[in-house]
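In what follows, a single structure is set out as structure tokens and then discussed.
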Amino acid sequence: MTDDARDTRLDWALREALGAEAPPDLARVTVARFRAGDAARVPSAAVPRHTHWQAVAALLLACLVVATFALWPRPAEPATPAQEPEPVQVYSRADIDALPATTLAVSAVGLDDSALSALLRLRELRFLEIRYPEAMVLGLGLKTMPPKQPPCITATCFDTLAKLSKLRTLRIRGAHAITEAFPFGGSGGGPEAIANATIGHLERLPLLEELCLTHFDVPAYALAALSRLAALRRLDLSANYGVDAEVVVALLRCTRLQSLTLDACMALPGTAIARLAELPHLEHLAVANIDGMSWRSGGGDFLGPTTKDYEAQAHRAYDLGGCGVTDAALTGLSRAKSLRTLLMAEPSCSLLGVRALRDFQSLERLDLFGFGSSTTETDVLADSLPPLLMLSACGEFDDSFCNKLRRRQPRLEHLELPACYAITDQGLAQLLRIGTLRHLDIRQSRGLSAAAMPLLLAATQLEYLDLRHIDWVTKAHVLELQRALPRLRTLLANVEGHETEPSGR
Amino acid sequence: MSRIDETASPQARADTTGDAAFAFVHRHQRGLWRFLRACGCPAHAADEVAQDALLLALERNVDDDAAPGYLRQAAKFLWLRRVRDEGRSHARWLDAAEQLWQQDCATDAGDGLIAALRTCLDVLPPRSRLALQRVYAEGTSRETLAAELGIGEHGARTLLQRIRAALRDCIERRLAP
């Protein structure tokens, strides 16, 4: 035990002595958290020194608690863990004015700058989301009639938001009018001045851990200011056509990022995605739907000229080729040491790129929905997957793939294989032999028959089962499954009372 | 996140801000963060655990003399909560790590150990020094290192093991009273 401890200590000391790391300056963030009353959120530590009688008393108390717990009647459902406060929905300044000053979380739709300033009264605000649904439609998403001149906040919002000093989460989605402050290459006082006058203000939020700037465009010179956000761990820039190779260079300076989402960033080259492996603490990466189809597609003509310029530029970049999850992207990402989750639906890679998946050291969760248009591809994929906890895929997967999954993925817990018409009852039998499997989505599997019911009835490990869009499933089947599967919490089927959960795709 | 500015004394910065909390954090953060790293806590987790431990100490108004011990206990508790799935073996392992810290690093926040290591590194043969630089400073894999040194992967592993053993002996000799 002591030798292991000595080795670990030497590892740390070598990294510091050789210049790979140094103790950080935590004073500003810690004191800001202290002033914000954050100490109450930290679990209480044990008192440093226990006396003997205290230890005995603690032991007796623990025995009493265990006995009481064992004899206490159990509730029907396990207690839910402590959660962040549920955000209050607001749609106008009047809604905000009616909120108590102690409100902790707000989700707003369609605010303008004037309504936003009303939020400054909420000094305890931790969570804020501002959405403009008319600008958030992607690809073939649901089209709605947009208002003619929808309200929207402008880039002056950042100065206002920086006054909400306790914010931990800030999500701005579809705020297209902000983009008008970011001309190509900057102007007037130059790119740095623009960045300082906009996103740079967020530096005054010492507790900001999560930032989403999605469905509108922000270029690299403005995003360079993100490296000054000391507490930032999670960043989402989805559907942002300002995101290109230069943005990745700026993001590499945000060395504490643990989660990064760049879905539907159409101008993002695969070679730039590859460089994200240089982020030392990156655990979660989403680069899905960079596919030339999932463009922002809200109707109406409310977008400003700069937004239209970014969109045209992104189309040109995509048409040149090399954008999205290419072979180069996967080869590069295979060097990411702490990457656990990779969401890369609709990738642009070939078999060569997929083979790189076997080199991912820490990968546990993988979504490559849309890859696998031939049996050759699905075979190579099955042979290339590292041991996973979660897999989501949709393509020409068949019984042979299921058989390989059963043999090569002994710890798989969560599997989504919807609309795989070549999977038959034999393939399902292989999947259900994975003892760790808890979550199974096989909706619209047209190769299955009612003869698969005995297999499903014996799969007592399942907690979640999606059987929607399978024609032979009846209410009687659903009742049988509910009776036979003791752990089943969610069962989705196109039978009355079992189709409430919306599809994720 | 900025690194600690060693040239500005914590007291000077504290006087400037007029805030005792800043001074407290400045006095104790270096040793606490290094202790967590010496316990195997990854760097990004060490930032967060150290912050939480410092918050608890500030909240309870722990005085400076008691702070190092209190902070180590709080940090151990908070780190164990994060890795609780690994169970008791991790708790025992942490106790061993703390014992070593108490023995060699508690009085100077680890400065002496780092200084001893730097001296030991200075006398290493260039090839050994290069191997450490590649692996610990640049994150090179053993496979790449082996190719660079013209040896097999097994040879690279053995080389690193030997260097580490030599460094451990060297550090312990220098730290011995």
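Might you work out the accessible area of residue A:469 for me, using a 1.4 Å probe with all protein chains in place, and round it to the nearest 10 Å²?
For residue A:469, the solvent-accessible surface is approximately 100 Å².
Using the Cα atoms as the points, what is the convex hull volume per residue of the protein assembly as shown in Å³?
207
Expressed in nm to one decimal, what extension gain is obtained for the pair residue A:196 and residue A:123 from 0.36 nm per residue of sequence separation less their Cα-Cα distance?
That pair, residue A:196 and residue A:123, stretches by 23.9 nm at full extension.
Compactness ratio of chain B: Cα Rg over 2.2 N^0.38 Å, N = residue count?
1.20
Strictly greater than 14 Å: what percent of every Cα pair in segment B:114-175 meets that?
Working: 1050 of 1891 pairs.
Cα-Cα pairs in segment B:114-175 separated by more than 14 Å: 56 percent.
Where does each of A:9, B:162, B:142 land when they are ordered by accessible area, with a 1.4 Å probe and the largest first?
Details: A:9 20, B:162 170, B:142 100 Å².
From most exposed to least exposed: B:162, B:142, A:9.
Just to make sure I understand: if all protein chains stay in place, what is the order of A:246, A:496, A:463 by accessible area at 1.4 Å, largest first?
Final ranking, largest accessible area leading: A:496, A:246, A:463.
If you rank B:70, A:132, A:221 by how much accessible surface each has, with a 1.4 Å probe, what is the order from largest down?
A:221, B:70, A:132
Sticking with the crude label model, points 7 Å out along Cα→Cβ, report the distance from residue A:350 to residue A:338 in nm, one decimal please.
With each label point 7 Å from Cα toward Cβ, the separation is 3.5 nm.
How high is the FRET efficiency from residue B:115 to residue B:19, r the C-beta distance, R0 45 Å, rounded to 0.05?
On the way: r = 31 Å, r/R0 = 0.69.
Step by step, r from the Cβ atoms, then E = 0.90.
How shielded is A:280-293 by partner chains, expressed as the average number of their Cβ atoms within 10 Å of its Cβ atoms?
What the average comes to for A:280-293 is 1.
For chain A, what proportion of DSSP beta bridges, expressed in % and rounded to the nearest 5, is antiparallel?
If I count the DSSP bridges inside chain A, around 5 percent turn out antiparallel.
List the relative contact order of chain B as a percent without decimals, with contacts defined as Cα pairs under 8 Å and 6+ residues apart.
17
For residue A:476, what charge total do you get from the other residues with a beta carbon under 15 Å from its beta carbon, if Lys and Arg give +1 and Asp and Glu give -1?
With Lys, Arg at +1 and Asp, Glu at -1, the neighbours total -1.
Taking amide H positions as placed in the peptide plane 1.01 Å from N, state which residues far from residue A:388 in sequence (5 or more) or on other chains have amide H under 5 Å from it.
The answer is A:411.
Taking the Cβ of residue A:264 as the centre, find all other residues whose Cβ is under 13 Å away and add up their charges (Lys, Arg: +1; Asp, Glu: -1).
Working: positive: A:173, A:296; negative: A:217, A:236, A:263, A:291, A:311, A:346.
Local net charge: -4.
Within chain A, which whole H helices from DSSP have a Cα span along their axis of at least 18 Å and a mean Kyte-Doolittle hydropathy of 1.6 or more, if any?
Details: long enough: A:2-17 (22 Å, -1.27); A:52-71 (29 Å, 1.97); A:305-320 (23 Å, -1.38).
For chain A, where a helix must reach 18 Å along its axis and average at least 1.6, the hits are A:52-71.
Where the accessible area of chain A is counted over protein heavy atoms with a 1.4 Å probe, how much of it, in %, is carbon and sulfur?
Carbon and sulfur together cover 55 percent of it.
State, as an integer percentage, the relative contact order of segment B:114-175 based on alpha-carbon contacts under 8 Å between residues 6 or more apart.
Value for segment B:114-175: 41 percent.
How much accessible surface does residue A:355 have with a 1.4 Å probe, in Å² rounded to 10?
100
What does the buried accessible surface come to for A and B, summed over both chains, with the probe at 1.4 Å? Round to 100 Å².
Roughly 5600 Å² of accessible surface disappears when A and B pair.
Express in Å², to the nearest 10, the accessible area of residue A:106 obtained by rolling a 1.4 Å probe over the protein heavy atoms while all chains stay in place.
Counting only protein heavy atoms, the figure is 0 Å².
The values are calculated or read from the model by the stated rules, or taken from the named source; none is laboratory data. This one's a predicted model, so the numbers in the text were calculated from it and none came from an experiment. Cβ coordinates were reconstructed from backbone atoms using ideal geometry, including for glycine residues, and neighbour counts include every protein chain displayed. Just the protein is used for accessible areas: all its heavy atoms, side chains included, with ligands, DNA and RNA removed. Shrake-Rupley method; radii C 1.70, N 1.55, O 1.52, S 1.80 Å.
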